[in-house]
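The values are calculated or read from the model by the stated rules, or taken from the named source; none is laboratory data. A quick note: this is a predicted structure, and the numbers were derived from the prediction, not measured. Note that each Cβ is placed from the backbone with ideal geometry, even for glycine, and that neighbours are counted across all protein chains shown. Surface areas here come from the heavy atoms of the whole protein model, side chains and all, with no ligands, DNA or RNA. Shrake-Rupley method; radii C 1.70, N 1.55, O 1.52, S 1.80 Å.
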Amino acid sequence: MDFRLQKHLPLTLEDLKEYLDRLHQFLKTITYRSKKSDGLDQLTIACDELAYLHTSQLINHPTIINHPVFILIGQTLEMLLTKSNHSQSMPMKKHEEDAFYSISYLITQLCLYHNEYIAVFYGRFLDEIPPVTSKPNIRDETIHYSTGKIKDITEKPNLKTARLYPSAPEARPMEKNSMNLEMIPRPKKHPNQLTVVVKKPPPPPTTTATKSSLENLPIKTYQDIFLTSIFFDKLRCAIEDLSETDYPPYHVKYKVIDRLVRLCSKINSVDPICDSIVKCLCSNMYYQMFATIELGQIRLTPKQLFFIYRCPQLIIRHEFISQEVIPKLLCPVMIAKTKFIMDQVFLDNDSNDQNDRGLVLQGLCSHLELLNHLSLTSSGRRYFLKSSISDEMIRILHNHSLMTKACNNKEFFDVNVRIIAYALMLLCNLAYEKTFLLLLKRTNFRKIFEKLNLAKESSIKFANDALSNILSENDIDEGNEPMKLHQDYLEYLQDNVYEPQLRVSQYAARTYQNEDLSTKHVFLTEEFISNLEDDIQDLSKTEDEPNSKKYKRVIQRMRVCTKQSTHEVESLLVPVIACLSSTFYLSVFENIELAEKKVVVGAPSTSHELAPKHIFFMRECPKFLIQHGYQRQKEVNDALANKMIKNTITVFQQHLRILSQSDGKSRERTDKKNEDGIIDALNYHITLLNYFAMQQSIRLEFLNTSIIEDIISVLQNKVFLDHSGRIKQTKFIGLSLTLLYNLAVDEQILELMKSKNLANTCTELRHINDRVVQFTSQILLITLDKTFFHDLQEMNSLSKSCIEHMDRSSKVPKLYYHGIQLSCLLKNLKTIMKNGSFTDTFVEDQDSTSAVMNCVSAFQENEKAKRKGEDVQKEQPDPENLEKIQHLAIHIAWKISSHGPIITKTFKLNDSFVDQVLKLCKSSVVNSKKKAEAIIWKLGSEKMILYEQTQKEEERARNRRDKQADTMDDERVATIDQWNDSIPFDLLMSYSNNVNDKIISLKIADRLRQRSYRVYTEKQGKHRLKLMEIAAAKQIPILACLSSKFRDSKFCMAEVDYAIKQECPVIPVIIEENYTIKGWLNHIIGDRIPIKFTNETFNKSLLNLVVELEGMIHLEEKN
């Protein structure tokens, strides 16, 4: 069976049964060995295979359901549940955890879905493919053989077969519909599944013996097999064990129990585990989970998910036999722990902290939902009387940040919206107790109500109105009114579902794919930038604890801004420079501290990461400067360059010796953790030095210090090289070589490096198994010795690295990538390509040609846009540097152009490249001019190239004109001649060409098409008027989208007028706010009541339209 699954071959009932038989026999006859796990390993593999998609429908066959191997699987799960309850004394082994996880997954799938195909976005899979000729309107004898026209029009024409002659061959043979129990029909195979279609002979017919054996099989379901009383006993004990024993957050038991509890909830078999779930909620584990959620955590751990979400949801979604007992058990505990949970969420009343505590807010939302559920009955509300729960809810409503975000958001699934809505609804529920009503009346809600009246989300509006109405009453009925309010609340949400709209950022944000830059975030507002600017400026003046959360919050926001376009975050550059020039930058190097990590039970506390304060000054500020400081280079150099060089001397004196010490001596001075932190700090600082080393005016400053000698001495130290296999040391080598490579551009520094025998050092370093080190060491060797191109190593890796740097640096305005300038790389590449073997390797790479063309034509699109007067990117490269790159790149392009016609053909197809080569043909640089002319000669004559480009532009212009002429704003599916024969639509729409009218009209059409209505839409004009006249004569309903522009349109009015005269069904809808039907249009519409469409009532109006349309269609079918 495994071979068939791997090859995607069809699986038969006999194949699956044979596999299960062999598995069952193996498990029955296996010999126990204490150090072997063959049985569980085989069972784990089997469960994974049975859960595979291609076994789906066979699993639901009676022969498979009654197979004894599933009894063994169920018993194994019960055994593993038992052992998991004693994990403290008998820890589960790895193979047992794997089996525990896989078996529970298979059982859940079988019980929930019977392992069938689940409906997906694109619809259900079909069990068989219906032939085309089985559809309505099969070919008949009414078709005239010579003309091909149909004499009589059928009611429901099939456009695929209506024009075929009676003698035309069938598209595919008809399939028999008889069910064969031994061969389950396979799902329809789609091309994108890449499955191998294997034709098999038809199976033998089902014999009488087979039918009788099937009839004798007991009627079972997978729930009957697996979900036994013993299973529920074991599960109940396992859940109670979780409430008492503290396991690691990612322990397999939390994953499996969460899955099984979800299974019980889905099939509504929750009474056996109700008491155990209540114990989990009443335990200390529940509220302690809120304290374990870390700042910036992106998802809940399995442990947190089980206690914070799964257990409360089980109580909320189900009614239990002991329903009256649950409030008695849960209310006192939940109410008592609410204040603790609230303190974890609103820590120190710092509103900015909420930006980083999204998961804690999600947990609070789940807790408030549970409190709402418990407050629905009078027995539950009594436990709230002696508590301060109302004060906590008012505390939520007074939180400015939470209220602002909730009021400005339209989606109910937003956590801020849900918290406010649940807090309001809880106060509404509690207000049905007179004591609480009097207490709430004494509280001033005026400002809260005023702010919530401006909320955009419907659930907040409903809850706000409900609470204000309740508090306006003098007395209230203490009956079970919250139940009715709760039901009204749910109905209101269903009737006012918000449809998310496409959010358009303020700027058409440019994406630098090569620099991992993303599009502009919707929350990157002026307020966001301004607040972050103030926070960074504050950190440059005031010092805080190294592990302060203030640094963590700023770090997270800075990471977002670093990936944005420079013109959006340029205002942050000044405070970042202030931080780097402050005394705090050097102080973090003097006292290296590591981050404090929360101790996880069952796992050692190991942290090698620097403290947030160190990360902020050492990594985030330099990273932002490197990314966005290139356009203000002089300002940055004046403020920081000399200071950073002086700081380097101090940093190297303190920490560089650690790299040169032996392992034993190193550990005498500092432990292993701190040593890793120091190496990280050195790597961050050298990265910043690389930024300044790329500036010509700064390089000579390095000669006045011992920085170059210190780095070379470390790279030549044998003790350090012996430990170069470690990741952090290898990274230090790569960054150091990059720094030396940037400095070697200066002739004086180059002579110094040669005097230190750096070439021999690089020759040794290139043997390190690291791609960055191999790349930087070899290009540095080329700089030191131009004849070194004869002795290149790892040419394939070197070629790929060159192509990567060329491609990525040519697409960003900085024109460098990972600290290596594109101009310097191209200069060295010219030398390297003197090696014929390397050139062949370079050309063979499929990305090399495009990388070279990108370098030649870098940022030429901006030049074209300038000439046309169009908008260009705000970030522009240095013109002199760009011109230098283009002259160097044209030499490389000429070098590779002789390697076959494919490259020249690729050159010729790239218009930007050809334009730039033609431009360089007129260059004043003689050498570049000759190379450009040589390339043009290989591509063809210059006149021919210009002629071909002109032809291309004319062809594109013709295509655009043809497309505009042929393509209408809407859908045109038939000509007038075709409409004379048949009209394959249920509804035709008449609307004006006004932009606003078209938007809402096409939205109505799309919604109707989603409901399987065939809707015809087309912009107004003579063509649509003729089609409307034909449709009106055939009584096809017409939807008239009325507005002031519709009334002014002669075509629209003529369409409605003709339809009314022909007594054609017309459905009037108003699509313009505050529009009233008047005059002649009112006379034409007559007694027809129009349906008004607005953004607020769109869904409700659409339902009314569907009801009216259905009535017309059914009436037409009866007639």
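Overview of values
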| read-out | value |
| --- | --- |
| Pairwise label distance in nanometres, E324 with Y105, each label 7 Å out on the Cα-Cβ vector | 4.5 nm |
| Total charge dipole magnitude, segment 231-295, about the Cα centre, Cβ charges on Lys, Arg, Asp, Glu only, Debye to nearest 20 | 300 debye |
| For segment 983-1117, the fraction of alpha-carbon pairs in successive 10 Å shells from zero, as % | 12, 49, 36, 3 |
| Student exercise, segment 703-840 dipole from Lys, Arg, Asp, Glu Cβ charges, in Debye to nearest 20 | 360 debye |
| Theoretical FRET efficiency, 1/(1+(r/R0)^6), r = Cβ-Cβ of L586 and D785, R0 51 Å, to 0.05 | 0.85 |
| Segment 228-318, accessible area per residue, ligands and nucleic acids excluded (1.4 Å, Å²) | 37 Å² |
| For segment 228-318, with +1 on Lys and Arg beta carbons and -1 on Asp and Glu, the positive-most of F307, S269, S229 along the dipole | S269 |
| Rounded percent of accessible protein surface that carbon and sulfur make up, segment 983-1117, 1.4 Å probe | 50 percent |
| Amide hydrogen neighbours beyond the local backbone of K1092, cut-off 5 Å, H modeled | I1070 |
| Length-normalised contact order of segment 228-318 in % [C-alpha pairs under 8 Å, at least 6 apart] | 41 percent |
| Rough spin-label spacing in nm, given labels placed 7 Å along Cα→Cβ, for N996 and N1099 | 2.4 nm |
| Residue pairs, from the table K623/K728; K731/K931; K731/K756; K634/K811; K405/K623, whose Cα atoms sit over 28 Å apart | K731/K931; K405/K623 |
| Where labels lie 7 Å past Cα in the beta-carbon direction, separation of L72 and Q793 in nm | 5.5 nm |
| Segment 228-318: mean projected area of Cα convex hull, nm² | 5.7 nm² |
| Potential lengthening between L295 and E609 on full extension [0.36 nm per residue; Cα-Cα distance subtracted] | 111.5 nm |
| FRET efficiency estimate (nearest 0.05) - Cβ-Cβ, F413 to A1033, R0 60 angstrom | 0.75 |
| Accessible surface, per residue, of segment 679-750 when the full set of protein chains is kept, probe 1.4 Å, Å² | 35 Å² |
| Apportionment of accessible area to carbon and sulfur, segment 228-318, percent (1.4 Å) | 47 percent |
